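In what follows, a single structure is set out as structure tokens and then discussed.
All of the numbers you see were taken from the coordinates with simple rules; none came from a lab. Quantities reported herein were computed from a predicted structural model and do not represent experimental measurements. Virtual Cβ from ideal backbone geometry, glycine too; neighbours counted across all protein chains shown.
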Amino acid sequence: MTPSSSRLSGRILTASGWLLGHVDFSERVLRMVEDPSVAADRLILPGFIDLHVHGAAGVDIMEGAVDGGRNSAAQVARAHAQHGTTALLGTTMTASPASIEHALEGLSAAIQARPARGSGMARILGVHLEGPFISAKRLGAQPNVVCSATLEVVRHYHAIAPIKVLTLAPELSGHLALIPQLNALGIRVQIGHSAGSYEDGVAALEAGVAGFTHLFNGMTPLNHYQPGIVGAALAHAQFAELIPDLQHVHPGAMRAAIRSIPQLYGVTDATSATGMPDGEYALGSQRVLKCLGCVRLASGSLAGSALTMDQALRNLCQIGVDLAGASHMLSRNPADYLGLSDRGRIAPGAWADLLVFDPDLQLQHVVIEGEALTLQPDFSQAKDSAP
């Protein structure tokens, strides 16, 4: 080690497999050193990367920056860092143009500057624009203020804050032709909230669609006569996101997707109810109810989740995914999806985003870009803290 570097020791999941020893780091990983004498009960994994985050700790991304200097995106990033998320995409809801612009302005402020030391924040890599370019027939928890996308509108939003991922329904008029133009802007386009057919999905993939938004949810299901958007994903996709909260998707369907899609990755789709006790919370312009770990609209429909990425890791292992594979789904695969070779893995030159777990997969330490966080008690234990 050098005087300015730090070290963690244990069983390390490196880019080339498990190594028992030490990882030396400053802001970035410097080296890994094998040492058979190190205790193997400390598990060191790369930081989680969550590409679908709406909120946490009673705060919703759509609130943007509010009076008094509070920035919702920064608060959300701080809350998710406590559960091992070291980088994320702030995710919007379907809303009016003015509401989306307000949310993007708040995200822009949080994206532009690297978090200050001591902020305790996950790095916000950009925006996942989940609406409004979706189908009114597959709204899920999105309000019905949908519209078709145009290059002019997307460019306008992209100029406010960098859009890294954009969800659309490919069957809507003009969307198929728009996909290559969005790719040219550096935007990953994915299918979601779609009533399209299998053929629509395949055509979109051929046009340059890169992935699928919360696979199985908000899209036409698999039927052996009409395979739907789910069928297109299982048959052809390299990437897709999945919510591994054991509520949105049955474990059997999760396992089918894991076998079918080479770089399936997990997301939380977390709402402001994440990390909070049971009660009523905001999801964009709507109110949702968290009860017994589940988040729903008044109609009873699932409305995002209260999932955290450390729990997602435990859930994936619970359904039979080995620890390395579960880690890849929450770190390496989403990094690869965004084309980031210096995140989502422990390798020399990569950002020092590091997590330490005990043998029961309870999170013990979080390091973000070389800085160790102080872990706080879970918000959900503070029963009087709901808004």
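Structure above, values below:
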{"quantity": "Three-way shape label, segment 238-387, alpha-carbon gyration tensor, a/c 1.5", "calculated": "oblate"}
{"quantity": "Modelled FRET efficiency - R0 35 Å, ARG314 with GLU206, Cβ distances, 0.05 increments", "calculated": "0.40"}
{"quantity": "Residue among THR94, THR14, THR274 with the largest mean-square fluctuation in a Gaussian network model of the chain, springs linking Cα atoms under 10 Å", "calculated": "THR14"}
{"quantity": "Lys, Arg +1 and Asp, Glu -1 on Cβ, resulting dipole of the chain about Cα centre, debye, nearest 20", "calculated": "160"}
{"quantity": "Label corresponding to Rg and Dmax of the Cα atoms in Å when calculated from the structure given, among (1) 48.4, 198; (2) 19.9, 64; (3) 19.4, 59", "calculated": "(2)"}
{"quantity": "Geometric extent, Cα atoms of segment 239-306 - Rg, Dmax (angstrom)", "calculated": "13.3, 38"}
{"quantity": "Förster radius 25 Å - calculated FRET efficiency between GLN286 and GLU105 (Cβ-Cβ, nearest 0.05)", "calculated": "0.75"}
{"quantity": "At least 24 Å along the helix axis (C-alpha) and Kyte average at least 1.6, DSSP helices within the chain", "calculated": "none"}
{"quantity": "Length released on extending from SER5 to ARG117, taking residue separation times 0.36 nm less the Cα-Cα span", "calculated": "38.8 nm"}
{"quantity": "Beta bridges per DSSP with both ends in the chain, % antiparallel, nearest 5", "calculated": "60"}
{"quantity": "Net charge of Cβ neighbours under 14 Å - reference LEU176; Lys, Arg +1; Asp, Glu -1", "calculated": "-4"}
{"quantity": "Pairwise label distance in nanometres, ASP278 with ASP342, each label 7 Å out on the Cα-Cβ vector", "calculated": "4.7"}
